[in-house]
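The values are calculated or read from the model by the stated rules, or taken from the named source; none is laboratory data. Remember, predicted model here, so these are calculated numbers, not experimental data. For neighbour counting, all protein chains shown are included, and Cβ atoms are generated from backbone atoms with ideal geometry for every residue, glycine included.
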Amino acid sequence: MRIAALILLASLGATPAIAAPDASAIEQALRDPATAERIDRSMKAMTDALLDLKVGELQAAVEGREPTPADRALTVRELERRGGGDPEAIRRQIREAGPGIAKGMNALAGALPAMTGALENLEKALDKMSANLPDPTYPKR
């Protein structure tokens, strides 16, 4: 499930509407089912890319040896199989996460105004605090 969380975060960063500075645009994007669908498709594609990532040469380097042809073909998917795991279970988890992602995005959209207000209050408090700091360029007596 940690992989799913990382993939979700990467997907959010890849969504142009979420990167917009306007809070209403962010809220609108979070509530848009098309955004959730794009994130879901991105997560599936990134999961496949991660499972197909070749890691055998890295493993050989860590072990201090030259990679063999078998090492060059070794993927995360195969490592998962060798470790007793089921790579398809990861893909199923990602598929099943779609509806939860949409619910989470709606909840985040609902909390966005409160979060924005809290950040504005924090900014004001930091500005007030920094106004009382001494000027480091002021000559010492």
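Observations on the structure shown:
- Ala107 within 24 Å of the chain's Cα centre (by Cα) and modelled with pLDDT under 85: no
- So Met115, is it of a type outside the set (Ser, Thr, Tyr), surrounded by 10 or more Cβ atoms within 10 Å (Cβ to Cβ), at pLDDT 85 or above and outside any loop (DSSP other than H, G, I, E, B): yes
- All positions within the stretch 61-101 that are in contact with a Pro (Cβ under 7 Å, 6 or more places away or on another chain) and not acidic (Asp, Glu): Arg77, Arg81
- Checking Glu66 against (1) at pLDDT 85 or above; (2) surrounded by 12 or more Cβ atoms within 10 Å (Cβ to Cβ); (3) out of contact with any Asp or Glu (no Cβ under 8 Å at 6 or more places or on another chain); (4) of a type outside the set (Ser, Thr, Tyr), the condition it does not meet: (2)
- Test: residue in the stretch 1-22 that is within 30 Å of Met115 (Cα to Cα), surrounded by 17 or more Cβ atoms within 10 Å (Cβ to Cβ) and modelled with pLDDT of 85 or more: no
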